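Right, one structure below, let's go through it.
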Amino acid sequence: MENSSDFNATVPLISAEALRAQIVENPLQNYLLGIIISICGNVLISVSLNIQKYAHVRQAQRGSKPYYTSGMWWSGVVLMGVGELGNFAAYGFAPASLIAPLGCVSVIASAVISVVFLKETIRASDVVGGSLAITGTYLLVTFAPHASTHITAHLVQYYAISWHFLLYLFIEVVLFCILLYLYKRRGVKHIVIVMLLVALLASFTVISVKAVSGMITESITSQLQLIYPIFYVMLVVMVASCAFQIKFLNQAMKMFDATEVVPINFVFFTASAIIAGIIFYQEFEGLALLNIFMFLFGCLLSFIGVFLIARNRPKIKQQDRTFIPMDKIPGRRNTDKVQPEAKTQTYGSLAAKLMCNRAGQADD
C-alpha cells in the first residue's frame, strides 16, 4: 500500500516535469540559428532595396520603359520576399524581443551598400552611427534571453487568456481608439501619432507572427499544430495587422519624408515588439537584472545608431519645379499655382518669372 501511495504521489510530479520539458528548453543551436536567419534576412532586404533603387535610377536615366519592366527590379522584389520569409522563420527559433531589434542590421547594410555600390558620400555620422549600431547588436545578441520556447497551440491558448495579456490588450485597444480619433476626427497629422498607430499594430503582428511561425516549425519538427483553431486565428490577426500597418505607413510616407519615418518606425516597432514578447511570451522571466540592463542598453545604442545613419539624408520628397507658387511672387495675393506654357521660348527660365512679376504689377 505504501508503494502504491508513493507511486501515485510521484506521477503528477513526473507529468509536470515532462510537460515543462516539452514546452521550454535552452538549446543554443536553435538560438544561434534564429539569429543567423534574421541577420541574413535583413541583409537580403537591404540588398533588395538598393537593387530596386538602382533599377529606378537606371530606368530614369534611360527614360524608355517603366521600372516594372526591368528584370533587375523584379530580382530586387524576389530578394525582398526571401528576406522577409527569413525574418518570419527566425521568430520560430529565437525570442521575439531579439529578432525585432536585429532590424538595425538592415539599416547598417543598406548604408554600406549605398556607399560602396551606389557611390553615395560617406559621412562622419554614418561611421559613428554604424559603430554604435554594431555595438548595440552585439550587446543584444549577448544579453538577450536565450531560452527557446516550443510554440504549441495549447501554449498560445494559455498565453492568450492570461490576465496580464488581457490587461495589455485592453490598454492597447483604448490607446489605439484614442489615437485613431485624434488622427481621423481631429485631423492631428503629427508623425508621432501615425507611428504610434503603426507600433500598436506591430505588437499584434509580432505576437501572431511568432505564434504562426512557431506552430509551423513545431508541426514540421515534432507534432502537427495546424489542426487547432488558434493557428488560423493567429493567421488572420497576422494578415490583418500587417495590412493596416502598411496602410498607415504609406500614409506616413506621403505626409513625411522617409528620413523621418524610417528611424522613428524602427524605434517604435522595436519597443512594441520587446514589450509584446515580455508580456505575451514572458521572455524575460528568470533573466538576470544585469542581462536586462545590458539588453536595454544595446537597444538604446541601436536606436541612436539608426538615427545618426538616417540623419540629414537627402530628402526623397521634392517639390514639382514646373509650377511657380504665386504666393512667392511680389504683388500677388493669390495662393494658386500657375504653369507656364511649355511651347514658349521662356518656359522654365528666369524670363518666365520676370514676365509673371510684370503681369502682377500691371494688375495692381
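The values are calculated or read from the model by the stated rules, or taken from the named source; none is laboratory data. Quantities reported herein were computed from a predicted structural model and do not represent experimental measurements. Glycine gets a Cβ as well: all are built from the backbone with ideal geometry, and neighbour counts include every protein chain shown. To get the accessible areas, we keep the full protein, side chains included, count just its heavy atoms, and leave off ligands, DNA and RNA. Shrake-Rupley method; radii C 1.70, N 1.55, O 1.52, S 1.80 Å.
Relative to the Cα centre, the charge distribution of the range 150-281, modelled as +1 at Lys and Arg Cβ and -1 at Asp and Glu Cβ, gives a dipole magnitude of about 460 debye. For the range 150-281, lysine pairs with C-alpha atoms less than 19 angstrom apart, excluding pairs fewer than eight positions apart on the same chain, total 4. Taking the 1.4 Å solvent-accessible surface of the range 150-281 as the whole, the part contributed by carbon and sulfur is 75%. For the range 150-281, the fraction of alpha-carbon pairs lying more than 20 Å apart is 48 percent, rounded to a whole number.
Among the trypsin sites (Lys or Arg not before Pro) in the range 49-143, those placed in a DSSP loop whose Cβ has at most 10 other Cβ atoms within 10 Å are LYS119.
Just how far, in whole angstrom, is the range 48-125 from the range 191-213 if you go by their alpha carbon centroids? That distance is 22 Å. If you plug the beta carbon distance of MET255 and MET294 into 1/(1 + (r/R0)^6) with R0 = 35 Å, you get a FRET efficiency near 0.40. Annotation for the range 156-209: trypsin sites (Lys or Arg not before Pro) lying in DSSP loop with at most 12 further Cβ atoms inside 10 Å of their Cβ are ARG185, ARG186. Surface analysis of the range 150-281 yields an accessible area of 49 Å² per residue, using protein heavy atoms and a 1.4 Å probe.
Distance between the C-alpha centres of the range 135-184 and the range 277-304: 13 Å, rounded to the whole angstrom. When the chymotrypsin sites (Phe, Trp or Tyr not before Pro) in the range 65-144 are filtered for DSSP coil states and for at most 15 other beta-carbon atoms within 10 Å of their beta-carbon, the remaining sites are PHE117.
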